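Contents: one structure, followed by commentary.
The values are calculated or read from the model by the stated rules, or taken from the named source; none is laboratory data. Keep in mind that this is a model prediction, so the values were computed, not measured. Every residue, glycine among them, receives a Cβ derived from its backbone with ideal geometry; neighbour counts consider all protein chains shown. The protein model used for the area step is the full one, side chains on, heavy atoms only, and it has no ligands, DNA or RNA in it. Shrake-Rupley method; radii C 1.70, N 1.55, O 1.52, S 1.80 Å.
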Amino acid sequence: MSGTFVGMPAFPRAAREAVGNTTLRGNLRHATHTIRDKRARAVAELDDWAALREAGKQIKDHTLRHLDRYLVQVEEAVTAAGGTVHWAADADEANEIVARLVQETGESEVVKVKSMATQEIALNEALEARGIHAYETDLAELIVQLGKDRPSHILVPAIHRNRGEIRDIFRSEMGEWGRPAPEGLTDTPAELAEAARLHLREKFLRAKVGISGANFVVAETGTLVVVESEGNGRMCLTLPETLISVVGIEKIVPRWQDLEVFLQTLPRSSTAERMNPYTSMWTGTTDEDGPRIFHLVLLDNGRTDTLADEVGRQALRCIRCSACLNVCPVYERAGGHAYGSVYPGPIGAILSPQLRGTASEIDASLPYASSLCGACYEVCPVAIDIPEVLVHLRERVVQGGPAVRGGNRVVLKPARGHAAERAAMRAAQWAFTHPGALRTGQRLASRTRRLHPRTLPGPGRAWSGTRDLPAVPAEPFRDWWQRTHGGKGGAK
């Protein structure tokens with residue numbers, strides 16, 4: 001497994017292979033349609049949903065504009081409450097900090113709460129290299145880990161697996177990781193859940209170190225918040241003696257009161273629930289209650305670079321609800337693995353190329369992993385205009401230009417394979433700034449429309465292979481306007 005899926009092919013090639021997997025497509029179609037239908041009903045219950053959505057957007061934007069101040073406030077509040085704050089500029093630094101903290105406890109095992117940030121930095125692999133075994137405790141993450149697989153969804157990492165596949169994984173792999181699956185295990189949900197519960201209970205009772213992320217960090221109190229549906233996270237957050245939380249710097253909200261908005265919008269957008277079954281909050285350490293030692297690792301890993309982009313920074317509003325995945329026609333057919341990142345779907349298509357840059361083949365292709373239908377924007381609980389950012393990143397891939405990488409201002413070179421696109425856009429730019437040439441070209445296209453091919457030649461063949469070319473009208477709009485309205489004082 002690799003948190004960043006280094007070496008993945010470009011999205012079109014990976015998606016083509018995934019689309020041919022009928023079992024995968026069936027699993028995805030069933031799961032995404034079920035989740036999004038439930039979400040629609042849950043959201044419809046709130047008359048003020050639009051106002052909550054706008055409030056979430058404004059809170060996030062305000063926090064990002066003043067992130068320097070709120071980060072310092074978080075450090076002061078967490079320290080005052082008995083915790084220790086560490087700063088990690090990138091994945092390597094974060095992994096080094098966590099591994100050192102675990103080694104200082106003398107333990108060689110840790111239990112983990114489901115965390116996108118730790119997947120992003122490939123923490124499990126980094127700990128394994130140090131001889132430390134990290135055990136995922138979320139049911140879906142457990143399935144992925146036991147199957148030596150990769151997550152393919154933000155909320156439901158094992159969405160690409162059906163019950164029969166999960167049963168087979170439990171039967172063959174559980175014994176290698178701890179308590180084996182019960183004899184005669186079937187694929188009924190109750191039996192699968194019970195097998196996971198028995199397997200994990202041993203680890204909860206034995207573990208001395210827990211690792212988590214956080215959905216939110218409240219700056220004014222230094223409180224961390226984890227929301228979940230199973231209760232496994234709460235076991236990890238309360239039973240170990242040492243708790244280490246790795247949190248992206250964008251997860252901060254200024255005030256306790258701000259949680260009122262997100263604790264309404266997040267559960268409805270993710271699990272289609274009115275509230276999360278388990279909402280765990282902790283502030284530093286407390287004698288005889290929960291872990292005695294608490295460490296907070298604040299992770300940058302490309303977030304400051306993303307913040308410097310006036311268009312792209314809105315991706316940092318994301319609260320990881322996964323609503324955009326469940327409505328995306330591209331994700332439904334290609335699945336999460338094709339995105340080559342722990343952040344799949346529409347949000348991954350804009351977040352990963354900003355956190356990692358667009359130098360690799362997979363990252364340069366992600367902004368094109370969309371039909372720009374806008375469904376993702378419509379369901380986003382913090383109003384991230386994903387289509388706008390996709391177009392913005394496409395321009396960066398094709399044209400290159402100024403950007404911030406590693407805290408430094410750089411000029412990116414255009415990605416390979418887009419020479420024809422750049423030439424076409426430059427030709428269009430020239431035509432639109434020369435009205436006479438544009439008029440002549442329009443008339444020529446109309447008069448020769450019967451000779452036009454149904455598909456484009458050369459590089460354009462890939463585009464027209466799955467789309468109908470627009471029919472050219474018999475008369476250009478300019479000529480029609482001049483004939484019917486021009487010089488006559490308006491329509492007759």
| Helix 22-44 versus the longest principal axis of the chain: what is the Cα-based angle in degrees, 0 to 90, to the nearest 10? | 90 degrees
| Rounded to the nearest 0.05, what FRET efficiency do T448 and E421 have when you use their Cβ-Cβ distance and R0 = 30 Å? | 0.80
| request: Note down the nm distance, to one decimal, between modelled labels 7 Å out along Cα→Cβ at T285 and at N408. | output: 4.0 nm
| remark: For the chain, dividing by residue count, accessible area per residue (probe 1.4 Å) in Å² works out to 48 Å²
| With all protein chains modelled, accessible area of D37 [1.4 Å, Å²] | 80 Å²
| request: Identify unpaired cysteines across the chain, taking unpaired to mean no other cysteine Cβ lies under 4.7 Å from the residue's Cβ. | output: C236, C318, C321, C328, C373, C380
| task | At q = 0.20, 0.24 Å⁻¹, work out log10 I(q)/I(0) for the range 1-90 with the Debye formula, treating every Cα as an identical point scatterer and leaving solvent out; two decimals please. | result | -0.97, -1.12
| request: Provide the percentage of antiparallel DSSP beta bridges, counting only those with both residues in the chain; round to the nearest 5. | output: 40 percent
| query | Within the chain, what is the number of lysine pairs with alpha carbons under 28 Å apart, leaving out pairs fewer than eight places apart on the same chain? | reply | 20
| task | Just subtract the alpha-carbon distance of T433 and A474 from 0.36 nm times their residue separation and send over the number in nm, one decimal. | result | 12.4 nm
| query | Which sequence of T137, T466 reflects their accessible areas, 1.4 Å probe, from the largest down? | reply | T466, T137
| task | Taking every pair of Cα atoms in the range 125-224, average 1/r, invert it to obtain the Kirkwood radius, and report Rg/Rh to two decimals. | result | 1.02
| With all protein chains modelled, accessible area of L139 [1.4 Å, Å²] | 50 Å²
| message | If I model a spin label as a point 7 Å beyond the Cα along the Cα-Cβ vector, how far apart are those points for E194 and E395 in nm? | response | 5.9 nm
| Expressed in nm², what is the orientationally averaged projection area of the convex hull enclosing the Cα positions of the chain? | 27.9 nm²
| Given a Förster distance of 51 angstrom, what is the FRET efficiency for E176 paired with S371, based on the Cβ-Cβ distance and rounded to 0.05? | 0.75
| remark: D (µm²/s, integer) via Stokes-Einstein for the range 374-492, Kirkwood Rh across alpha-carbon pairs, 4 °C, 1.567 mPa s: value 70 µm²/s
| Which value, in Å² rounded to 10, gives the accessible area of R467 with a 1.4 Å probe and all protein chains present? | 110 Å²
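As a test of the definition: which semi-axes, in Å, follow for the range 334-419 when you take the square root of five times each eigenvalue of its alpha carbon gyration tensor? Largest first, please.
21, 14, 13
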| query | In whole angstrom, and with the biggest value first, how far do the Cα coordinates of the range 176-219 range along each principal axis? | reply | 50, 23, 15
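What part of the accessible area of the chain, given as a whole %, is carbon or sulfur when the probe is 1.4 angstrom?
52 percent
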| task | Quickly work out the R29-to-V72 label distance, labels modelled 7 Å from Cα along the C-beta direction, and quote it in nm with one decimal. | result | 5.6 nm
| query | How much length, in nm to one decimal, is gained on full extension between E202 and D47, taken as 0.36 nm per residue of separation minus their Cα-Cα distance? | reply | 51.3 nm
